[in-house]
Structures are given as C-alpha cells and as structure tokens.
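Below: the structure, in structure tokens.
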Amino acid sequence: MILQRLATAIRNQDWFTVLIETLIVVLGVFLGLQVNNWNADRVARAEADDLLWRLVVEAEAARADLAVYRDLHDEILDRSIRLPVRLKATEDCLAMDEEMKRLVLAVGDFSPPRFSLATAREAIDSGKISDIRSDQMRDEVRRIIDEMSFIDRQWERYVRVKQDSEKTIYTAAGLSFLRVEALKVRPGVQWDGVDQYDIQTPEAICGNPEIIASASNAAMTQHVYSMYLSEASEKLERYAFALSNHRTGASMQEKVEAR
C-alpha cells in the first residue's frame, strides 16, 4: 500500500508526499530492527543470567564436594606418613599388629576426585562463555578451569606413584588372603576387616631401606597432592564469591535499566 502510494506520488511529482512516505518506510524499518535488537538483547541477558545461575550452583556444590574430598585425603595423608615411620622401627614393625597391617593395606589408597565444574568447562568448550558480558568474569571462569585441569594432571601423577608403591610393598610383604569370604575393607573410609589378610614376609619390608623409600615417596606425593587440593579450594572459594557477586550486580543493573 505504501509502495503504491509512493509510486503514484513519484509519477505525479508530488515530492512532499514522496518525502513523507519515504520517512514512514525508513521509520518502520528502523523500529522493526530496534524491536529485534531489543528482543535479541533480552534473550541474551536471560541466557547469560541462566548460565551464571548454573555456574553459581555448580561452584557451591563443588566447594562442598571438595571440602569432603580434602578431609578424606587428610586421613589418607596421616596414614601415609605413619607407614614409613613404623617400617623404620624394625622390631615394632615385625610384630605386625593390626594397626601396622592396616597401614600396609592402605598404602595404595587413592580416592578419586569427587568434584566437578562440568558446566563451566562446557561453557568454554562450546563458546557459550561469551554470553557473559563481563571480560573479568569470563577470565575468572577460564582461570578456575585451568586450575581444575592442573588438579587433574596432578591426580594422574599421584595415582601412578601410589600404584607403584602399592605393588612394590604388597609384593615384598607377601600380602595374601587368609580365608574366602566377602571382603570388608572399604578403602578411603575405614580399613576394617584386616584379619582377612596375612602379611607372609614382614621381614622383607620392616627396616628395608627400599621399601621405606617407596612408602616415603608415596607419603610425600600424598602431601603435595593435598597441598594442591588446599590451593584449589581457596581459588574455588574466590571463584564462587566472584560469581555470586557478579550475578547479584547484573540482576540489580537489569532492574535499574527496566525502570
């Protein structure tokens, strides 16, 4: 309709009408584009807020999981340190009491990671991290994922050392079962049921410098891994705090702009 009137005005050389109709067309196109931009901006803000909310929930869950995981590894560290000390005390070691047997059994205890930042990692891998408008906040997400990747690499090294020590000490100790029944041992929680196992050659591990060195290496590796977990916990706490503050600030800003 507008184009028909515009064509008629041009044929009649009615330039005023041409100008008015042209302005109407341009204004209509402009308003249409503006509405599309507003809608796109609203959708982008909603997606960013949803992502931030999921990151906040994930970070809080990871903090809680990591706290439990650290406590577990503190227990493992305590046992790891006591083993080489007991191994050096040859006579005491040869008595092979229940605690000593429990320490030997626990040498290969390596509880796997029980925390994750899968949403943050996926946001980076998929590019959805760009939904977050703050450069600083995007950098925070990338930094914490770098930290988690570092912990993953340390876990792999940690497991290799623990497995090597376990094989060395178990083999030298002549570890064997005494009877056939359901195993009661629960690694990482409580080493019960040690009476099901027999240390056939305690003389091969008690006072043995190589075995003591292997156990000491496992303890040192456990100590380093526990330190890395402590550092990761502090960084995760700062990350969760930054996320929560940013989301609160972004929500307040949206309310102000909506007025």
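The values are calculated or read from the model by the stated rules, or taken from the named source; none is laboratory data. None of these values were measured; they are calculated from a predicted model. FYI the Cβ positions are ideal-geometry reconstructions off the backbone, even for glycines, and counts take in every protein chain you see.
Observations on the structure shown:
- Residue pairs meeting the criteria (Cβ under 7 Å; at least 6 apart or on separate chains; first free of Cβ contacts under 8 Å to residues at least 40 places away in the same chain, in region 87-98; second surrounded by 14 or more Cβ atoms within 10 Å (Cβ to Cβ) and of a type outside the set (Phe, Trp, Tyr)): Asp92/Arg86
- Condition met for Ala182 (at pLDDT 95 or above, over 30 Å from Ser116 (Cβ atoms), out of contact with any Cys (no Cβ under 9 Å at 6 or more places or on another chain) and not aromatic (Phe, Trp, Tyr)): no
- Residue check for Val107: out of contact with any helix residue (DSSP H, G or I) (no Cβ under 8 Å at 6 or more places or on another chain), over 16 Å from Ser233 (Cβ atoms) and surrounded by 14 or more Cβ atoms within 10 Å (Cβ to Cβ): no
- Among the residues of region 132-154, those identified as surrounded by fewer than 19 Cβ atoms within 10 Å (Cβ to Cβ) and over 17 Å from the mean Cα position of the chain (by Cα) are Arg133, Ser134, Asp135, Gln136.
- Residue-level check: of (1) over 26 Å from Val194 (Cβ atoms); (2) in contact (Cβ under 8 Å) with a residue 24 or more places away in the chain, Ser111 misses just (1).
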